[in-house]
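One structure is given below, encoded as structure tokens.
Please treat every number below as a calculation from the coordinates, not as lab data. Given the structure is predicted, the values throughout are model-derived calculations rather than measurements. No Cβ is skipped: glycine too gets one built from the backbone with ideal geometry, and neighbour counts run over all protein chains shown.
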Amino acid sequence: AYTAEPFVPERGGLTALRKAAAECRGCPLHRDATQTVFGTGDTDARVLIVGEQPGDQEDRQGKPFVGPAGRLLDRALAEAGIDPAQTYVTNAVKHFKFTLPHSRLRSSGGTPIAPGKRRIHKAPSLREMTACGPWLAAELALVDPELIVVLGATAGKALLGSSFRVTQQRGTLLEEEIHGRQARVVATIHPSAALRADDREAVYQGLVSDLKVAARALG
Ligand code: URA
Ligand code: SF4
């Protein structure tokens, strides 16, 4: 089975973890991605925020949530009253999974159109999420947060199991066992859902209101 397990160092803290993750070959996703996108933040962080996987910008820059979804998340966190200095931000899967648009034959002349540079995000599979789990478990053990904020269905399933339903479990304080530890969790939608939705403002306000539940849980 695919797993990051043999790549995860047993000591050395966050620095050793990040360094080792850069060399992870635990599943095939490292092959096409530019680099490992490990979590950012301090081990003193009160809140661990978990997204799905890096996107195009994150893959290029090597940091989580630096693209459009990240900007929206920052705005929503600020509006909910969660201080970014108190957060550790990471993803369930550490490499960008994508497809390239297929080259097609133009109906007019049959001239092949070269594949564009645009890379289309693909949801990670359960196998890939499971493979990458040891990194998240190690981050969780080091940060030992007071609260975990789960962004979207993929992160929810990765952390809480395949029966997780974001529509049913969002916006309430949950007590869950995650990677062998009791944890307080607030789930919400993925911020990119608020970038795509028809009713963006309402979806965004839903995100903010869930994050306010997290802010209250922190006291
Ligand atoms: N979406 C995610 O889930 N994570 C990122 O880091 C960026 C976009
Ligand atoms: Fe390793 Fe995770 Fe990257 Fe797969 S996605 S190679 S398990 S860091």
I need Glu10, Glu58, Glu23 ordered by Cβ neighbour count within 10 Å, fewest first. Glu10, Glu23, Glu58
For the chain, set up a GNM with springs between Cα atoms under 10 Å and report which of Arg200, Arg46, Arg165 has the largest fluctuation. Arg200
Placing one equal point scatterer on each C-alpha of the chain and summing with Debye, one gets log10 I(q)/I(0) at q = 0.15 Å⁻¹ equal to -0.94
Using 0.36 nm per residue of separation minus the Cα-Cα distance, give me the extension gain between Asp42 and Glu10 in nm, one decimal. 9.6 nm
Comparing Pro145, Pro84, Pro134 in a Gaussian network model of the chain (Cα, 10 Å), the one with the largest mean-square fluctuation is Pro84
Out of Ile49, Ile120, Ile82, a Gaussian network model of the chain with alpha-carbon springs under 10 Å gives the largest mean-square fluctuation to Ile120
Report the net charge of residues surrounding Leu14, where surrounding means a beta-carbon distance below 10 angstrom and charges are Lys +1, Arg +1, Asp -1, Glu -1. 0
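Would you work out the relative contact order for the chain, in percent, from Cα pairs under 8 angstrom that are 6 or more residues apart?
Computed over the chain, the figure is 22 percent.
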When a/c is below 1.5 the answer is rounded, else prolate if a/b is larger than b/c, else oblate, so apply that to the stretch 174-219 with a ≥ b ≥ c taken from the square roots of the Cα gyration tensor eigenvalues. oblate
Between their Cα atoms, which of Lys94/Lys212; Lys63/Lys94; Lys122/Lys212 are more than 18 Å away from each other? Lys94/Lys212; Lys122/Lys212
When a/c is below 1.5 the answer is rounded, else prolate if a/b is larger than b/c, else oblate, so apply that to the stretch 1-60 with a ≥ b ≥ c taken from the square roots of the Cα gyration tensor eigenvalues. oblate
Taking the Cα of Ser163, stepping 7 Å toward and past its beta carbon, and measuring to each backbone N in the stretch 124-141: which are under 17 Å? none
